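Engineer: Let me begin by handing over the structure; questions about it come next.
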Amino acid sequence: MQAGAPFLLDGACCFQHNNPSHHGCIYVIKSSSFQESNHLSLLNYIIRRLLFMILVLFGVSLLVFSVLMLIPPGMRVAAYVTSEKIPPDQIEAMIKLYGLNDPAPVQYFRWLAKIFRGDLGFSATAEAPVLDGFKRYFPVTLELVLYSTPLIILVGIWLGTVGAIKKDRPADHAIRILAIVGYSLPTFWLGLLLLMFFYGFLGIFPPGTLSVEANEVVFGSGWNRITGLLTIDAIINWRWDIFLDALYHIALPTINLVILDSALIMRLMRSSMLEALGQDYVRTALAKGAPNRVVYQTHVRRNALLPVITISGVLFAGLMAGMVITETIFVRKGIGWWMARAALQLDVPAIMFNVLFLGLIFVGVNLIVDLIYAAIDPRVRLG
Amino acid sequence: MSTEVLTEDMKTQGPSRHPGWSEFVFSMKRLFKNPLTIIGLAIILFFVFLAIFAPILAPPPRAHDPFLMPHKGWQIQPSPPSAENPLGTLPSQYDILYGVIWGTRNAFRIGIAVVAANLLVGLILGSIAGYFGGILDEIVMRIADIFYAIPILVMAMALVVAIGRGLSSVVVVLIILNWPTYTRVVRSEILVVRNMDYILAARASGASHLRILFKHVLPNSIFSAIIVASMNVGVTVLIAAALSFLGLGSDSGYADWGAMVATCRNYIVGPAENRLAYWYLVFIPGFTIALFVLGWNLLGDAVRDVFDPRMRRR
Amino acid sequence: MKKILVLLMVLAVAATAFAGGKGEEAPAVEEAPKKVVEEKVIKNPDTFIWSSYGTVDSLDPAKAYDNASGGCIYNIYETLMYFKGSSTEELEAQLTTQIPSVANGLITNGGKTYRFPISKGVKFHSGNELTPEVVAYSFKRHLVTDPDGGPMWMVFEPLFGTYGSRDGDGNIVLTMDMLDKAIQVQGDSVVFNLAQSFAPFLSILTYNCVSVIDKDFAIANGDWNGTAADIARVNGPEEGKEPLYEIASGTGPYKLARWDKGNEVVFERFEDYWGPKPAIARAIYRIVEEWSTRKLMLLQGDVDRGRVDPMYFEEMRKEPGLKVYQKNARLANAGINYNMKITSVDNPAIGSGKLDGRGIPADFFSDKDVRLGFTYAFDFETMLREIVKGNGIPAATPICSGLPFFNPQLKGYPFDLKKAEEHLKKAWGGKLWQNGFEFDMLFNTGNEVREQTLKMMAENVTSLNPKFKINVRGVEWATYVDMQRQRLMPVYYIGWGADYPDPHNFAYPYQHSQGLFASRTGYNNPEVDKLIEEGATEADPAKRKAIYYKLQDMWLEDVIGIMLYQPVDDFYFKDWVKGFVFHPMQNDPVMFKQFSKGY
């Protein structure tokens, strides 16, 4: 599915290509991925999409690397210059050491060769090999995404449905206003306000991922780090105090994300429901005397959910990529936080790896959503 | 329903009325029926007022660079609202009210510049891809696919660091990273339109490609793009503010809303006697951004409701 | 959908209950932080937590050249000797049995030979024994490793008269022969043969770049095996590839328990330490970058020391429950240098590159009147009062107070706008005043003191003549490094922290034509160069004093820059911390062996 990608800002999405409030989404899906042809085998389709994914990743790496190569070597070496005391001739020596002056294709193939060998490079911002940095930072982001995505979707669906059903009544107006306000709030602003009020004033919901004591336990000996996700690991290690502590720290960022991003789902769900409600078969069912509730839940909602599924996938991918600001403000050291520092310090190995990883997520999620879509909507044929 | 409206108008104004005009009147009527539109428009007009009358409302201390905010002294700790600084100050005593007023100009510049440029690029590339199809289409679309897969914020940050920070860099970078969306919109509209009968007729009668493009295809496809553009101004300003917040916009001391919000990070917790002491710093610049974006979003929504052919006659 | 509401309510309840009940597991207490914690309970009585924001670059002594890394290394490893208490001149022996001096006959050959008898019975964390061979190996290994951008140059200087193991093209010029001649084992001592007499040599041997490492442990972990053939393999490693990057076995009072990169370094007391047993069993250097978090952690006692930046001294001095050590002067200073030979190719900072009112020429500052004009326009008092907020000692020359041969009588140029105007009117034969100029002053973003100082300087200068325009811009670190290296900046804001407490360490970078700062400005005064070289090799203190006094005078005379201030810091501890002794050369973190916790 190559329907509009979200304008990535901690998942605060805007679907620029098309009006998300009607089935224009489905139009584009149909025209680009699917054809009204005979059933090709599912496996065939998946294989083709995977090949396509590899091509896209290759293209992404080439594009990003070329852009980074436009940056002069004197700036790219700065990631290794940790002190102002280092004299210029030593900096020159560092440029030579890391081969930053070599022609761009040479540097690209050197990087590519290393990747194939499994050497992802050393990240100056993580102060560790890139893969180690990833293992350290990724679970933090994943945890927040896993907690916020379902909440965002559920809240969005719920309020969107309510709005559609009670169209033009006070509840609907309130929800529409809520949606558009939530849509307009800057991520960083809401986060800072929440922190100021809850943490600064009330003293609850501190930033960070764990309290000091919990941190000692988690990073000390005797802790089994299975997934890296604090809440899950806490359960595995049967430490409910750590579990609650982690949950306590994740609450505020989650609330932040829910307020901001459910707005989009709300709007989408509402208009999607309205469209479905206007369909003939619904009016027929209602005329025939079926109770409202049954009609809404069985017919309407199922059909209205389709675009929401699409958006959910995009939301997930978007959140993964766009956690930069939430993580910076709430001092959660995940890949978003890492990427902000890598970008500011031009830590090329880290940037390249993350771009590849997020590209992979994006294309992968798209594939999964397409497959789900095809499974649900009988009108769609995979071509 | 549509015929009813037309005949209504024709009855009152006579059959010589150009349908374009009555459509326009209809649009305007619908636009202003929506209370949210009025609010959105009011907000935007308020900011337009601030932008235009900035030199009078907030006389710049340095004529050659009005975006430099005034400050009394060098004390780093922010001062609360007072007679001298009605909205308080930032760290290093920069006046918040001044920053809010002059920052409006920057916000407008960014929003409009990025969206307008993107629209133009999208029209050109979308036309090429959609109208001519074939291999040109493939190339453009595949490159667009690649761009979609790139995480925007990270790329934007790296690019701004490379080019050099500042609001013009932010504008350039956002234009570069956003072109696929508009291209796609225009292209899909063109795909639909180009197979229509009247286009085929024009081809058959020997009209050149360019003529067909400009006279027939584009005018009918442009609407979607304009709708998308109008809805996008708000989000563009949000992303630009985010980049400023992360340190890539204007230097400190310049009127840049995002940068102003960033200065509050060390002052979330006030001193022991009053933990909320710096509330004005955390609240006001961000609120300005939110209000501005809200205005554009409301307007964009209303425009879409009215002008989108599929939604128009409900 | 009501289920969602229920879920949210449950979360909310859990959160508030949690905030209320589990006081000791969250940094915040249920009473609003306005109340002072009543009970005198010492949190983590066996652990000392030191929080700051400097990231640790590497734990390898040959590589680490930053504050945080150095601080950690000083807890794990030891040098042959270190300073006594707060003194910067008196040394006390650690791994040697006697501090060499001319009097006890361990410094001979006109100051070119030093003999260190090595202590016996000292163990490493791994259990290995300390021997003179191990000490000799340590020194040679550090010199052989010599990573780019590292601190080893300061050992190369006295031993070989050079600055590194490689030449300009990257070829290794350090040979096994050179090493064997310079560092020798004789009986139970290690003997150093210097290229020339070098007054600061003993001071240099206190720096962490000559920490004694565990030879067998190192070799077992892939480090240099001690032969000539192996030198090429270990020389000049890439970032993160230096052998002792993240593993350690030293003789110090603390072992490396764990390094959680970007987060914290955890130390555990070494039970077989040769010296007095430290009171603290476990120490943690924790990185907390957000000021708000760090502040609350300190106030709540979740850390025993929190780093406070000067702009918050005033408010923090009033907070209850803390022990504050105020106004400690470090051996460091900050200054502004004028670039007299600006790179003019492709340089946006100098505008048109000509004295036409829209730029400046590359040699703009080579005219002394220009430099004097800018210097007289600098409002020293305001800077000290409002920007540095009294947390600095005014500095007149690069030799700062606390260093031997510091001249306390000297004062910098006063703030005198009339004199400034006078000099600027004379500059460039009057053309400067007539045409005006425009250029950029740059600072690295995030450094507020630099930003404000430059802005203040710019405002004062531009107030003299409307044709004067100075743009003060902040740039990202990468850009800053690049521009500095290419000498594109018209004005440098510089800072130097002592590597060792000797005036040579300051005079060289600031005034020698090959020194870090001076070389960037195109400054070249052969008389100054000669004096500096003499000062380093002269053994007689009276003669050295004369030399350094002359050098300080010449700094003021040549006015190639303005020295600003010497930082004076507060240290904030929780009130149950005891034993802190400030040392002007200390790192951040400091040595944990000095602390204990109690009331």
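Table: residues versus (1) surrounded by fewer than 22 Cβ atoms within 10 Å (Cβ to Cβ); (2) touching a Lys or Arg at 6+ places or on another chain (Cβ under 9 Å).
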| position | (1), (2) |
| --- | --- |
| C:ASP502 | no, no |
| C:ALA507 | no, no |
| C:LEU516 | yes, yes |
| C:GLY535 | no, yes |
| C:VAL559 | yes, yes |
| C:ASP570 | yes, yes |
| C:LYS578 | yes, yes |
| C:PHE595 | yes, yes |
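Conditions (1) buried (at least 19 other Cβ atoms within 10 Å of the Cβ); (2) within 25 Å of C:ALA329 (Cα to Cα); (3) out of contact with any Cys (no Cβ under 6 Å at 6 or more places or on another chain), marked per residue:
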| site | (1), (2), (3) |
| --- | --- |
| C:LYS418 | no, no, yes |
| C:ASN435 | no, no, yes |
| C:LEU442 | yes, no, yes |
| C:THR445 | yes, no, yes |
| C:LEU454 | yes, yes, yes |
| C:VAL475 | yes, no, yes |
| C:ALA478 | yes, no, yes |
| C:VAL481 | yes, no, yes |
| C:ALA498 | yes, yes, yes |
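Here is a yes/no grid of residues against (1) within 28 Å of B:THR37 (Cβ to Cβ); (2) in contact with a helix residue (DSSP H, G or I) (Cβ under 6 Å, 6 or more places away or on another chain); (3) in a helix (DSSP H, G or I):
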position: B:LEU218; (1), (2), (3): yes, no, yes
position: B:ILE226; (1), (2), (3): yes, no, yes
position: B:VAL233; (1), (2), (3): yes, yes, yes
position: B:SER250; (1), (2), (3): no, yes, no
position: B:PRO285; (1), (2), (3): yes, yes, yes
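Engineer: Grab the helices (runs of 4 or more DSSP H) fully contained in the range C:502-547, keeping just those with 2 or more residues being without any contact (Cβ under 8 Å) to a residue 24 or more places away in the chain.
Structural biologist: C:516-521, C:526-537
Engineer: Just to be sure, is B:ARG187 surrounded by 21 or more Cβ atoms within 10 Å (Cβ to Cβ) and in contact with a helix residue (DSSP H, G or I) (Cβ under 8 Å, 6 or more places away or on another chain)?
Structural biologist: yes
Engineer: Taking the residues in the range C:353-368 that are under 19 Å from C:PRO466 (Cα atoms) and in contact (Cβ under 8 Å) with a residue 24 or more places away in the chain as candidates, determine which candidate is surrounded by the most Cβ atoms within 10 Å (Cβ to Cβ).
Structural biologist: C:ILE360
Engineer: Return the residues of the range B:269-304 that are more than 8 Å from every other protein chain (Cβ to nearest Cβ) and of a type in the set (Gly, Ala, Ser); say none if nothing qualifies.
Structural biologist: B:ALA277, B:GLY295, B:GLY300, B:ALA302
Engineer: For a quick check of your reading: which strands (runs of 3 or more DSSP E) sit entirely within the range C:173-286 and have at least 3 residues that are over 29 Å from C:PRO100 (Cα atoms)?
Structural biologist: C:254-260, C:264-269
Engineer: Of the residues in the range C:97-148, how many are β-branched (Val, Ile, Thr), surrounded by fewer than 23 Cβ atoms within 10 Å (Cβ to Cβ) and out of contact with any Asp or Glu (no Cβ under 7 Å at 6 or more places or on another chain)?
Structural biologist: Matching residues across the range C:97-148 total 8.
Engineer: Let me ask another. Scan the range A:103-120 for residues that are in contact with a strand residue (DSSP E or B) (Cβ under 9 Å, 6 or more places away or on another chain) and either surrounded by fewer than 20 Cβ atoms within 10 Å (Cβ to Cβ) or assigned to a helix (DSSP H, G or I) (or both) and jot them down.
Structural biologist: Of everything in the range A:103-120, just one residue is in contact with a strand residue (DSSP E or B) (Cβ under 9 Å, 6 or more places away or on another chain) and either surrounded by fewer than 20 Cβ atoms within 10 Å (Cβ to Cβ) or assigned to a helix (DSSP H, G or I) (or both), namely A:ASP119.
Engineer: I need a count of the residues in the range A:210-262 that are touching a Gly at 6+ places or on another chain (Cβ under 8 Å) and β-branched (Val, Ile, Thr).
Structural biologist: 1
Engineer: What helices (runs of 4 or more DSSP H) lie completely within the range B:17-88 and have 3 or more residues being at pLDDT below 85 and surrounded by 11 or more Cβ atoms within 10 Å (Cβ to Cβ)?
Structural biologist: By residue number, B:19-33, B:35-52.
Engineer: Let me ask another. Being out of contact with any Pro (no Cβ under 8 Å at 6 or more places or on another chain) and basic (Lys, Arg): is that true of C:ARG269 here?
Structural biologist: No, not satisfied.
Engineer: Take the residues of the range C:464-483 that are within 18 Å of C:LEU432 (Cα to Cα) and of a type in the set (A, V, I, L, M): which is farthest from the other protein chains (Cβ to nearest Cβ)?
Structural biologist: In this case the residue turns out to be C:LEU464.
Engineer: What number of residues in the range A:188-206 are more than 9 Å from chain B (Cβ to nearest Cβ) and either charged (D, E, K, R) or under 30 Å from B:LEU243 (Cβ atoms) (or both)?
Structural biologist: 5
Engineer: OK, next. Could you give every pair whose Cβ atoms fall below 8 Å, whose first residue belongs to the range A:207-232 and is more than 12 Å from chain C (Cβ to nearest Cβ), and whose second residue is surrounded by fewer than 19 Cβ atoms within 10 Å (Cβ to Cβ) and modelled with pLDDT under 85, counting only separations of at least 6 or pairs across chains?
Structural biologist: Once the first residue is more than 12 Å from chain C (Cβ to nearest Cβ) and sits in the range A:207-232, its partners that are surrounded by fewer than 19 Cβ atoms within 10 Å (Cβ to Cβ) and modelled with pLDDT under 85 give A:ILE232/A:ILE226.
Engineer: Determine, yes or no, whether A:ASN256 is surrounded by fewer than 21 Cβ atoms within 10 Å (Cβ to Cβ) and away from every other protein chain (no Cβ under 12 Å).
Structural biologist: In short, no.
Engineer: Report, ordered by the first and then the second residue, all pairs with beta carbons closer than 9 Å, sequence separation of six or more or different chains, a first member in the range C:461-481 that is free of Cβ contacts under 8 Å to residues at least 12 places away in the same chain and over 17 Å from C:ASN447 (Cβ atoms), and a second member that is part of a helix (DSSP H, G or I) and of a type in the set (Ser, Thr, Tyr).
Structural biologist: As it stands, the answer is none, since no pair meets every condition given.
Engineer: Could I ask something else about it? Collect the residues in the range C:60-91 that are more than 15 Å from C:GLN594 (Cα to Cα), among the hydrophobic types (A, V, I, L, M, F, W, C) and surrounded by fewer than 24 Cβ atoms within 10 Å (Cβ to Cβ), keeping them in residue-number order.
Structural biologist: C:ALA68, C:MET81, C:LEU91
The values are calculated or read from the model by the stated rules, or taken from the named source; none is laboratory data. As the structure is a computational prediction, the values presented were derived from the model and not from experiment. Quick reminder, even Gly has a Cβ in these numbers, built from the backbone with ideal geometry, and neighbours come from all protein chains shown.
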